[in-house]
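**Student:** Supplied in structure tokens, the structure appears directly below.
The values are calculated or read from the model by the stated rules, or taken from the named source; none is laboratory data. This structure is a prediction, so every number in the text was calculated from the model and none was measured. FYI the Cβ positions are ideal-geometry reconstructions off the backbone, even for glycines, and counts take in every protein chain you see.
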Amino acid sequence: MGEVSDAEMRRLGLAASDNLIALFGMMGRLEGAEVEETAALGRHHSFPTNPMFKGVWRTNIATADVDAAIDETIAWFRARNAPYFFWWTDDATRPADLGARLIARGFISMEGAQQELAKGIVQTEAGAPVMVMSLADADPDLLARVPPGFHIEPVDTPGRLLDFKKVFVDTYQIPEWAGQAWVDATTAFGVGKSPWRMVVGYLDGEPVASNMLVIGGGVASVYAVATIPAAQRRGVGAAITLKPLLDARAEGQTHAVLFSSEDGFPVYRRLGFRDTGMKINRFLWRAS
């Protein structure tokens, strides 16, 4: 990316949250979904059984008002019979100690939630590192450095959507219902017509890698990047990460952002992503 000012790096880092919030807005287009945003916070609730589809974000609350806001928000989700939701934080969250306050109220940090819901994803209690890359630096030659018999296909049929789910569930050891939520939401839009774009990588006809591209907040970002263990360290992960980003570059996007797992961090650095020094965290609330 060359020399980037601190202010620009912070702008791009916060754009990772903007992209995530754009994804929540996409979820808000599902039938029966709700999205609310005030000066104090934003929140969304939609039907699939997965806490990604139920959350709170962009919190800006005076310290004296935090406890009341937490109480009101829990009541909002209880009224919708939500079994759980994520409360997301980043470097712009106010108060800055919101995460500690949520934990004191029984919420679980990203590290703890991953241990419970996605044992194959390693995070720390501090949250996920936010990384950015100029898409001008993306190297298309990496798409060719894969095993013979590997190819990437768009998720444009129900069968490929189930292949996406299988890779995601198997790689990260998430509950079947959590993967099914993405099948249900994508099917509701129409396979191949959802506002997020999914791809699956196949090796000798078997699904081995997944990725989901979201364009929003002025940047491109990837989610659900997964490669099954048997296909790792063979160039597959690099290819499945870069192909959608190169497509985004061809459409005029200039920067990619993501928040990384601990295992993914060195891989993304090799692809050209830079650490912003910022974190995104999420705190899981569960109905008792």
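**Student:** Considering only residues that are closer than 17 Å to Asp91 by Cβ and either surrounded by fewer than 18 Cβ atoms within 10 Å (Cβ to Cβ) or modelled with pLDDT of 95 or more (or both), which ones fall in region 260-280? Before you say what the answer is, go through the steps one by one.
**Tutor:** Initially, region 260-280 is screened for residues closer than 17 Å to Asp91 by Cβ, giving 260, 274-280.
Within region 260-280, Arg274, Asp275, Thr276, Gly277, Met278, Lys279, Ile280 qualify.
**Student:** Let me ask you something else. Could you say which residue among Val222, Val257 is part of a strand (DSSP E or B) and either of a type in the set (Ser, Thr, Tyr) or touching a residue at least 60 places away in the same chain (Cβ under 8 Å) (or both)? Lay out the reasoning, then the answer.
**Tutor:** Details: Val222 fails: either of a type in the set (Ser, Thr, Tyr) or touching a residue at least 60 places away in the same chain (Cβ under 8 Å) (or both).
From the options Val222, Val257, the qualifying one is Val257.
**Student:** Go through (1) on the phi < 0 side of the Ramachandran plot; (2) free of Cβ contacts under 8 Å to residues at least 60 places away in the same chain; (3) touching a Leu at 6+ places or on another chain (Cβ under 8 Å) and name the single condition Gly149 misses.
**Tutor:** Checking Gly149 against (1) on the phi < 0 side of the Ramachandran plot; (2) free of Cβ contacts under 8 Å to residues at least 60 places away in the same chain; (3) touching a Leu at 6+ places or on another chain (Cβ under 8 Å), the one that fails is (1).
**Student:** Evaluate region 244-251: report whether one residue or more is part of a loop (DSSP other than H, G, I, E, B) and more than 17 Å from Met212 (Cα to Cα).
**Tutor:** Restricting attention to region 244-251, the residues satisfying the condition of being part of a loop (DSSP other than H, G, I, E, B) are 251.
Of the ones still in play, those that are also more than 17 Å from Met212 (Cα to Cα) are none.
No - not one qualifying residue is present in region 244-251.
**Student:** Tell me yes or no: at least one residue of region 81-95 is at pLDDT 95 or above, of a type in the set (Gly, Ala, Ser), part of a loop (DSSP other than H, G, I, E, B) and buried (at least 18 other Cβ atoms within 10 Å of the Cβ).
**Tutor:** Within region 81-95, one or more residues are at pLDDT 95 or above, of a type in the set (Gly, Ala, Ser), part of a loop (DSSP other than H, G, I, E, B) and buried (at least 18 other Cβ atoms within 10 Å of the Cβ).
**Student:** Same structure again: Among the residues in region 62-70, are any free of Cβ contacts under 8 Å to residues at least 40 places away in the same chain, in contact with a helix residue (DSSP H, G or I) (Cβ under 7 Å, 6 or more places away or on another chain) and surrounded by fewer than 18 Cβ atoms within 10 Å (Cβ to Cβ)?
**Tutor:** no
**Student:** I'd like the full set of residues that are at pLDDT 85 or above and not in a strand (DSSP E or B), limited to region 99-117.
**Tutor:** Selection gives Gly99, Ala100, Arg101, Leu102, Ile103, Ala104, Arg105, Gly106, Phe107, Ser109.
**Student:** Ok, one more. Determine whether region 10-23 contains at least one residue that is under 18 Å from the mean Cα position of the chain (by Cα), in a helix (DSSP H, G or I) and more than 19 Å from Ala128 (Cα to Cα).
**Tutor:** Quick first cut of region 10-23, residues under 18 Å from the mean Cα position of the chain (by Cα) only: 12-23.
Filter once more, keeping what is in a helix (DSSP H, G or I): 12-23.
After this cut, where a residue has to be more than 19 Å from Ala128 (Cα to Cα) as well, the list is none.
No, region 10-23 contains no residue that is under 18 Å from the mean Cα position of the chain (by Cα), in a helix (DSSP H, G or I) and more than 19 Å from Ala128 (Cα to Cα).
**Student:** Among the candidates Gly149, Gly120, single out the residue that is closer than 19 Å to Ala238 by Cα and modelled with pLDDT under 90. Spell out how you get there, then give the answer.
**Tutor:** Values: Gly149 fails: modelled with pLDDT under 90.
One residue alone meets the criteria, Gly120.
**Student:** In region 1-52, which residues are of a type in the set (Ser, Thr, Tyr), crowded, with 19+ Cβ neighbours inside 10 Å and touching a helix residue (DSSP H, G or I) at 6+ places or on another chain (Cβ under 6 Å)? Break it down into steps so the answer makes sense when it comes.
**Tutor:** First pass over region 1-52, keeping only residues of a type in the set (Ser, Thr, Tyr): 5, 17, 38, 46, 49.
The next check asks that each one be crowded, with 19+ Cβ neighbours inside 10 Å; those that pass are 17, 46.
Ser46, the sole residue that qualifies.
**Student:** Right, next: Has region 186-199 got any residue that is in contact with a helix residue (DSSP H, G or I) (Cβ under 8 Å, 6 or more places away or on another chain), modelled with pLDDT of 95 or more, part of a strand (DSSP E or B) and surrounded by 20 or more Cβ atoms within 10 Å (Cβ to Cβ)?
**Tutor:** Our first condition is that a residue be in contact with a helix residue (DSSP H, G or I) (Cβ under 8 Å, 6 or more places away or on another chain); within region 186-199, this holds for 186-187, 191, 194-199.
Next, only the ones that are modelled with pLDDT of 95 or more stay: 186-187, 191, 194-199.
Narrowing the set further to residues that are part of a strand (DSSP E or B) leaves 197-199.
Filter once more, keeping what is surrounded by 20 or more Cβ atoms within 10 Å (Cβ to Cβ): 198-199.
The answer is yes, given that some residue of region 186-199 is in contact with a helix residue (DSSP H, G or I) (Cβ under 8 Å, 6 or more places away or on another chain), modelled with pLDDT of 95 or more, part of a strand (DSSP E or B) and surrounded by 20 or more Cβ atoms within 10 Å (Cβ to Cβ).
**Student:** For Pro147, which of the numbered conditions (1) within 30 Å of Arg269 (Cα to Cα); (2) buried (at least 20 other Cβ atoms within 10 Å of the Cβ) fails to hold?
**Tutor:** Single failed check for Pro147: (2).
**Student:** Does region 233-246 contain at least one residue that is of a type in the set (Lys, Arg) and under 16 Å from the mean Cα position of the chain (by Cα)? Can you show your working first?
**Tutor:** The initial filter retains those residues of region 233-246 that are of a type in the set (Lys, Arg), namely 233-234, 243.
Keeping just the survivors that are under 16 Å from the mean Cα position of the chain (by Cα) gives none.
No - not one qualifying residue is present in region 233-246.
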